[in-house]
Amino acid sequence: MKITKTEIWTVVVPTIEGRVQSAKFGPSGWDVVPKHIIRVHTDNGIYGLGETGRGCPLENVQKMARQIEGLDPREMILQQLPATSSLDAKPTTHYDPNRWWEGAAGGPSWSGYEALEMAIIDLLGKYYDRPAHWFLGGAVRDRVPADYWISIQTPEEAAENTRLAVQRGFKGMKLKCTADEVLVDRCRAIWEVAGPEFELTIDPNTRFWRLTEALDMARELVKYGKVKVFEDPMAKWNLDWYRMFRQHGIVPVALHLSDPNDIINAIKAEAVDYMNLGGGMIQFVRNAAIAHAAGIPCWHGSGVDLGIMELSYLHAAAAARNCILGSDFVGSWTREDDLVIDGIAFEDGYALVPDKPGLGCELDMAALDKYRIDK
């Protein structure tokens with residue numbers, strides 16, 4: 001079996017009006033940054049699907065397509081794509097191929113790698129009739145906790161989205177914020193709709209500028225309802241502040257991390273209760289294992305992506321033993337389309353793990369044609 005070609009489409013899928021960020025706070029802007037969808041074909045008719053992160057250079061994807069043409073995906077080293085086990089394979093690194101692991105704690109991370117990993121695992125899953133999580137060590141659960149998600153919204157719009165979240169069976173919500181807007185009023189509006197036990201993940205993206213500011217906000221919010229965690233409340237480099245925040249015991253605190261070195265440093269500093277972890281499919285499972293060894297639960301982060309990428313997140317989350325917190329599989333209700341047939345199914349606050357071969361989805365070609373910008 002040889003790879004014969006890679007199709008590449010460039011797409012922009014806007015978010016649904018009122019679903020993400022209130023107009024009062026200005027446009028978010030990230031939803032108009034292009035993504036690339038790929039379909040990797042082989043000479044026996046099997047193909048795999050992949051999706052890049054936002055803003056990935058098209059040149060990266062085109063270069064990758066040239067590198068993998070003619071290779072047998074069954075011989076590829078899944079933790080170091082596109083390297084193969086063939087002795088005559090061309091080196092893919094500029095350093096000693098026998099010591100590549102010493103300089104790559106987080107594995108390959110060039111922009112576009114995530115799409116290649118998804119496509120090859122999807123392709124091999126179809127070939128071997130196995131779901132994608134089988135290649136990550138196997139699923140330890142058939143459903144993964146999931147939370148609803150909004151960005152910065154007025155209390156009124158947050159309440160409207162909470163009604164939708166409750167109708168769809170979600171038990172918690174993650175929301176973006178800053179220290180300079182009506183966060184307390186927004187959270188109170190959410191709890192008035194969903195009840196005080198509805199769990200909120202507060203994510204200011206490090207925009208609580210001082211430790212005292214974060215502590216004051218936590219003390220105020222817990223008067224009205226359940227705060228599950230503060231994620232990235234302060235500057236990530238200041239792990240001392242995170243440790244001191246934990247010592248007050250008001251609400252748990254988490255960091256959003258992808259690099260194994262950062263995960264280890266946060267553990268050593270006793271800076272977190274939970275972790276929001278990223279990375280490619282294989283790297284996420286590795287990252288989660290580091291946190292698991294320290295007894296730290298985690299969830300899978302996202303970039304508010306499309307269906308192919310979010311299904312890759314779901315398979316990875318299902319294979320991580322400590323991924324027990326509500327993950328961010330949010331693209332299908334925030335964007336106008338996820339570009340796949342049979343995307344993630346949600347039930348009572350969980351995302352159901354597909355048992356179909358590969359990622360478990362097919363491209364919606366009509367939707368793809370609607371949102372592609374490379375025509």
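Numbers for the structure displayed
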| read-out | value |
| --- | --- |
| Filter result for Val272 (within 18 Å of Gly172 (Cα to Cα), of a type in the set (A, V, I, L, M) and assigned to a loop (DSSP other than H, G, I, E, B)) | no |
| Long-range neighbours under 7 Å by Cβ, at least six apart or interchain, first residue among the aromatic types (Phe, Trp, Tyr) within the range 275-288, second assigned to a helix (DSSP H, G or I) | Phe284/Ala316 |
| Subset of the range 341-373 [out of contact with any Leu (no Cβ under 8 Å at 6 or more places or on another chain) and farther than 18 Å from Ala119 by Cβ] | Glu347, Asp348, Gly349, Tyr350, Leu352, Asp355, Ala366, Asp369, Lys370, Ile373 |
| Answer residue from the range 275-296, given it is part of a loop (DSSP other than H, G, I, E, B) and either farther than 20 Å from Ala146 by Cα or small (Gly, Ala, Ser) (or both) and is nearest to the chain's Cα centre (by Cα) among those | Gly278 |
| Residue in the range 306-315 that is at negative phi and part of a loop (DSSP other than H, G, I, E, B) present | yes |
| Check on Ala146, more than 21 Å from the chain's Cα centre (by Cα) and among the small types (Gly, Ala, Ser) | no |
| The lone exception for Gly169 - which of (1) in the same structural domain as Ile344 (by TED's automatic domain parsing); (2) within 17 Å of Val304 (Cβ to Cβ); (3) small (Gly, Ala, Ser) it fails | (2) |
| Qualifying residue in the range 287-302 (condition: modelled with pLDDT under 95, surrounded by fewer than 23 Cβ atoms within 10 Å (Cβ to Cβ) and over 22 Å from Ala105 (Cβ atoms)) | yes |
| Residue satisfying all of: in the range 336-375; assigned to a strand (DSSP E or B) and of a type in the set (Gly, Ala, Ser); nearest to the chain's Cα centre (by Cα) among these | Ala351 |
| Sole residue being in contact with an Asp or Glu (Cβ under 8 Å, 6 or more places away or on another chain) and within 25 Å of Gly169 (Cα to Cα), chosen from Asp203, Asp232 | Asp203 |
| Residues (surrounded by 14 or more Cβ atoms within 10 Å (Cβ to Cβ), in contact with a strand residue (DSSP E or B) (Cβ under 6 Å, 6 or more places away or on another chain) and closer than 13 Å to Leu123 by Cβ) located in the range 6-48 | Thr6, Ile38, Arg39, Val40, His41, Thr42, Tyr47, Gly48 |
| Qualifying residue in the range 34-56 (condition: within 18 Å of the chain's Cα centre (by Cα) and among the polar types (S, T, N, Q)) | yes |
| Boolean, Gly225 is in contact with a Pro (Cβ under 8 Å, 6 or more places away or on another chain) and more than 30 Å from Ser111 (Cα to Cα) | yes |
| Subset of the range 1-24 [farther than 18 Å from Val330 by Cβ and of a type in the set (A, V, I, L, M, F, W, C)] | Met1, Ile3, Ile8, Trp9, Ala23 |
| Extreme residue, modelled with the highest pLDDT, among residues of the range 153-184 that are more than 24 Å from the chain's Cα centre (by Cα) and small (Gly, Ala, Ser) | Ala159 |
| Test: residue in the range 119-141 that is part of a strand (DSSP E or B) and either under 28 Å from Trp333 (Cα atoms) or of a type in the set (A, V, I, L, M) (or both) | yes |
| Filtered residues of the range 236-251 (kept if closer than 26 Å to Gly106 by Cα, more than 21 Å from the chain's Cα centre (by Cα) and part of a loop (DSSP other than H, G, I, E, B)) | Trp237, Asn238 |
| Count of residues meeting criterion [surrounded by 15 or more Cβ atoms within 10 Å (Cβ to Cβ), closer than 20 Å to Met217 by Cα and of a type outside the set (D, E, K, R)] in the range 245-274 | 11 |
| Members of the range 356-375 found to be touching a strand residue (DSSP E or B) at 6+ places or on another chain (Cβ under 8 Å) and at pLDDT below 95, listed by number | Asp374 |
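The values are calculated or read from the model by the stated rules, or taken from the named source; none is laboratory data. Everything numeric here is computed off the predicted structure, so don't read it as measured data. Methodologically, a virtual Cβ is constructed for each residue, glycine included, from the backbone with ideal geometry; neighbour enumeration extends over all protein chains shown.
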